[in-house]
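Here the structure is laid out as structure tokens; the discussion comes afterwards.
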Amino acid sequence: MRLWVSEYGCIYSGPTNSILPDGNLQLDKDDFSALLTLLEEVDESAPAIQKFFSYSRPYGREQLKVQNYVGVIQTRKGTHIEILPKLARHSDISSARALLVRMLVELQDSPFRTGTISSLNAHKMPLFELLMSQFLGHVMDIIHKGLVRTYVECTDNLVYLRGKLELAVQTRLNAARAGVFHCTYDEYAIDRPINRLVKGALQVVSRLSQDEANIQLCREALYVFDDVPASRNVDQDFRNMRRDRLMQHYLPALPSCWMILKNMNPLTQSGERKAISMLFPMERVFEDYVAAKLPWQLGGWRVRTQVAGKSLVQQHRSRQIFALRPDLMLENSGRRIVADTKWKLLNQADRANKYGITQADIYQLFAYCKKYLPDQDLKIVILIYPLSERFDRPLEPFWYRESEEVLYVLPYDLQKDELVTGPYSQLFGDDAPENQVNAHM
């Protein structure tokens, strides 16, 4: 049974594994306990697991509330739990799962980064199997193009001269051994960090995969890597890995290799951890997805991400502090628009509660307006939220300063892959937008 729960959904402890009518999840004692072991995560190099869940015990019943992360968890006994975007509560599960994988393809540094929607086959394969399938595809490409080797200095007793004869050691150890030579020589070896890492990840896949196609590919790859020892120190091998031109064909495999070795490898888990996880912050997933898709819709506009260089405080003890980093900078023919993405469901009818927009977000965009657009007569900033049933059209403009500084709040349609501009389409047109903007004041 494939179990799922949405962001901000609840996972309860109960007698059996079941998806509850309200979209929450119930897990039996063993699987719930396995998730609790994630709370004991002590690896400081990984995000604190408390970001993934919040634990409580209302009315004596244990409960984990999912935070703003999506992905998959697998318990030691093989139960898969998919955490889907919160929009899953308002759509069918196959569509929600397909949407998640489609978004993960665009996530920077994602193990799915080099995939395609057709190859990922999102609605049929669990996310862990998708990851392993992606990795195995890259490994087969590596095998096709050839495993990299390197020269390694070796010292040993040989029955023939090779390299440099170590006279001092030869005299001390082999004086009575005729025909034995103590030599230092270079071996063109396959044992280098990148190959050890791939071999280690293949061994993890061989233990975890339940998909027949993945199992078969893994066997074939392990046969080729038979002479390569598996990595014994993953972090050290990643640090020592040389990114020379000979290993360019390895690069696509590295994100999935890292994810498999660090998140899915039982040997790298601390304590009595009984579950493995592959979770991604949904804010970043949404931000990277919008950034990847907007250039296709906006034509001649250049889209830059995580722009830096401006600070809220210009001078404090001879330096700037409180850096301002907007998610997106849109540029075209000298015009600039600053935008931020927010993974939150708005309600366009709830004027009393400001539609669900926080005051901090309004202040943040005001700072962007002042710092990044000081030389423009009309300063335009945009907040982008996901389109939903209760937010399906742009809100009326928010004017910081009449006719000069304006904030637009626009929905992004994840099904159609487009920013919904409605009556404000000329924001990204060839003509200057002042006339149209002023018409809607």
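Laboratory data are not the source of any read-out in this text; all were calculated from the coordinates shown. Just so we're clear, the structure is a prediction, and the values are computed from it rather than from any experiment. Here the Cβ positions follow ideal geometry from the backbone for every residue, glycine too, while neighbour counts run over all protein chains shown.
Data overview
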quantity	calculated
Fewest-first sequence of S388, S333, S277, S231 by Cβ atoms within 10 Å of each Cβ	S333, S388, S277, S231
Bridge type composition, the chain - antiparallel percent by DSSP, nearest 5	70 percent
DSSP bridge orientation in the stretch 299-439 - percent antiparallel, rounded to nearest 5	60 percent
Over the stretch 150-189, equivalent-ellipsoid semi-axes from the Cα gyration tensor in Å	20, 9, 6
Unit charges on C-beta of K, R, D, E only; dipole of the chain, Debye	880 debye
Mean Kyte hydropathy of 0.0 or more with a Cα span along the axis of at least 20 Å, helices from DSSP in the chain	127-145, 193-208
Theoretical FRET efficiency, 1/(1+(r/R0)^6), r = Cβ-Cβ of K65 and L173, R0 56 Å, to 0.05	0.25
Proximal aspartates and glutamates to K262, defined as alpha-carbon separation beneath 14 angstrom and excluding residues fewer than eight positions away on the same chain	E41, D43, E44, D235, D237
Amide N of the stretch 362-383 lying under 17 Å from the label point, which is placed 7 angstrom from the Cα of E404 along Cα→Cβ	366-381
Projected label distance in nm at Q315 and R245, using a 7 Å step from Cα toward the beta-carbon	5.0 nm
Cross-link pairs beyond the 24 Å C-alpha cut-off, checked among K51/K199; K164/K199; K65/K342	K51/K199; K164/K199
Rounded FRET efficiency, nearest 0.05, which uses the C-beta distance separating W296 from Q216 and R0 of 45 Å	0.75
Protection proxy ranking, peptides 194-203, 211-220, 373-382, average beta carbon neighbours within 10 Å, highest first	194-203, 373-382, 211-220
Relative contact order, percent, the chain [alpha-carbon distance under 8 Å, six or more residues apart]	12 percent
Translational D in µm²/s for the stretch 299-439 (Stokes-Einstein at 4 °C, 1.567 mPa s, Kirkwood Rh from C-alpha pairs)	82 µm²/s
Under 19 Å from the Cα of K416 - aspartates and glutamates, other chains or at least 8 residues apart	D92, E106, E287, D288, E389, D392
Candidates L222, L298, L165: whichever shows maximal mean-square fluctuation once the chain is modelled as a Gaussian network with Cα springs under 10 Å	L165
Residues whose placed amide H lies under 5 Å from that of K379, excluding near-sequence neighbours	E405, V406
Qualifying lysines (Cα of each under 19 Å from Cα of K371; at least 8 residues distant if same chain)	K310, K379
Highest-MSF residue in the chain out of I260, I362, I81 [GNM, Cα springs under 10 Å]	I362
